[in-house]
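All remarks here apply to the structure that follows.
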Amino acid sequence: MQLEFFQIDAFATKPFEGNPAAVFPLQAWLPDATLQSIAEEHNLSETVFFVKTTDGYHIRWFTPAAEVDLCGHATLASAFALFQILEPERTSVTFASKSGPLSVHRNGTLMTLDFPAESLVTCPVPEALRTGLGVEPEEVLKCDDYFAVLGSETALRSLAPNHAALAALDCRGICVTAPGDHADFVSRFFAPRLGIKEDPVTGSSHCALTPYWAGKLGKAKLSARQLSPRGGNLECELHGDRVEISGTAALYLRGTVYIEDPA
């Protein structure tokens, strides 16, 4: 069996920036074990698969270790593949997912994700989080992930986390955030339990970061930057219980995967 795929750098203006995702348009779903093996083989933070439906596409995301319920950068990469390569006449698409319908529309090269907003609840600081970050956060909150708030971009840049300690936390990942020097807020994201030491750009974490910082800063439209070594810029806007996350992407690789037919 031959499967076409694209490797796309999301939240990037050119290759080698942002967050790379392997994007697989499928004619029909393959067995879950095959999807997971493909993701493990590519060994990127996310490998994404989508299948056409009567009114859009069904989308699923896999890290090298597990399937996840929501991924922003791989959804942006999938939309880029559709808008720029597969269906260039399209200006919008809706993906059905485990997190509900996810719409993406484009305006030139800028693409905007429409995602559900996430609420954060203040919680005590787990000892594994304190040990893993090596600093005392100003505030810790939680949803599916832990969110640790630091006082400055400098403090965030200087973090050298203990990934083994962070892997002991019962959560998807750990987002650390701070007010930005040149953006409204900045962040880093670590997910050692999913096989990702540091994610280059994490769109889904901005579903919680946007309402949090909108409340702190008193405005709905925010600029954000993720401070991974590759880095990435995001424009975020809060609309009630939805968050719009905008960015660009770049094609790095187009190829073919050869696997045994699982049928």
Q) Out of all the residues in the range 90-101, which are surrounded by 15 or more Cβ atoms within 10 Å (Cβ to Cβ) and modelled with pLDDT under 95? A) Ser99
Q. So how many residues does the range 1-10 have that are of a type in the set (A, V, I, L, M, F, W, C), within 21 Å of Glu87 (Cα to Cα) and out of contact with any His (no Cβ under 6 Å at 6 or more places or on another chain)?
A. 4
Q: Could you tell me which of the residues Asp145, Asp170 is acidic (Asp, Glu) and surrounded by 19 or more Cβ atoms within 10 Å (Cβ to Cβ)?
A: Asp145
**Q.** Of all residues making up the range 91-140, the number that are farther than 19 Å from Ala165 by Cβ and assigned to a strand (DSSP E or B)
**A.** 21
Q: Quick one: in the range 73-87, of everything that is under 23 Å from Phe189 (Cβ atoms) and not small (Gly, Ala, Ser), which residue is surrounded by the fewest Cβ atoms within 10 Å (Cβ to Cβ)?
A: Phe80
**Q.** Answer residue from the range 182-196, given it is assigned to a strand (DSSP E or B) and not small (Gly, Ala, Ser) and is nearest to the chain's Cα centre (by Cα) among those
**A.** Phe189
Q. If we only count strands (runs of 3 or more DSSP E) wholly inside the range 197-263, which ones have 3 or more residues that are over 17 Å from His105 (Cβ atoms)?
A. 221-226, 232-239, 249-258
Q.
Among the residues of the range 52-59, are any over 17 Å from the mean Cα position of the chain (by Cα) and in contact (Cβ under 8 Å) with a residue 60 or more places away in the chain?
A. no
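Results for (1) in contact with a Lys or Arg (Cβ under 9 Å, 6 or more places away or on another chain); (2) at pLDDT 95 or above, shown as yes or no for each residue.
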{"residue": "Phe49", "(1), (2)": "yes, yes"}
{"residue": "Asp55", "(1), (2)": "no, no"}
{"residue": "His58", "(1), (2)": "yes, yes"}
{"residue": "Phe62", "(1), (2)": "no, yes"}
{"residue": "Leu70", "(1), (2)": "yes, no"}
{"residue": "Ala74", "(1), (2)": "no, yes"}
{"residue": "Ala81", "(1), (2)": "no, yes"}
{"residue": "Leu86", "(1), (2)": "no, yes"}
(Q) Quick check on my filter: what residues within the range 17-72 are charged (D, E, K, R) and buried (at least 22 other Cβ atoms within 10 Å of the Cβ)? (A) Glu46, Arg60
Q. Is at least one residue of the range 149-165 assigned to a loop (DSSP other than H, G, I, E, B), touching a Ser or Thr at 6+ places or on another chain (Cβ under 9 Å), within 21 Å of Gly18 (Cα to Cα) and touching a residue at least 60 places away in the same chain (Cβ under 8 Å)?
A. no
Q. Condition test on Pro229, is it within 24 Å of Tyr146 (Cβ to Cβ), touching a Ser or Thr at 6+ places or on another chain (Cβ under 7 Å) and of a type outside the set (A, V, I, L, M, F, W, C)?
A. no
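The values are calculated or read from the model by the stated rules, or taken from the named source; none is laboratory data. If you're wondering where the values come from, they're calculated on a predicted model, not measured in any experiment. Here the Cβ is made from the backbone with ideal geometry for all residues, glycine too, and neighbour counts use every protein chain on show.
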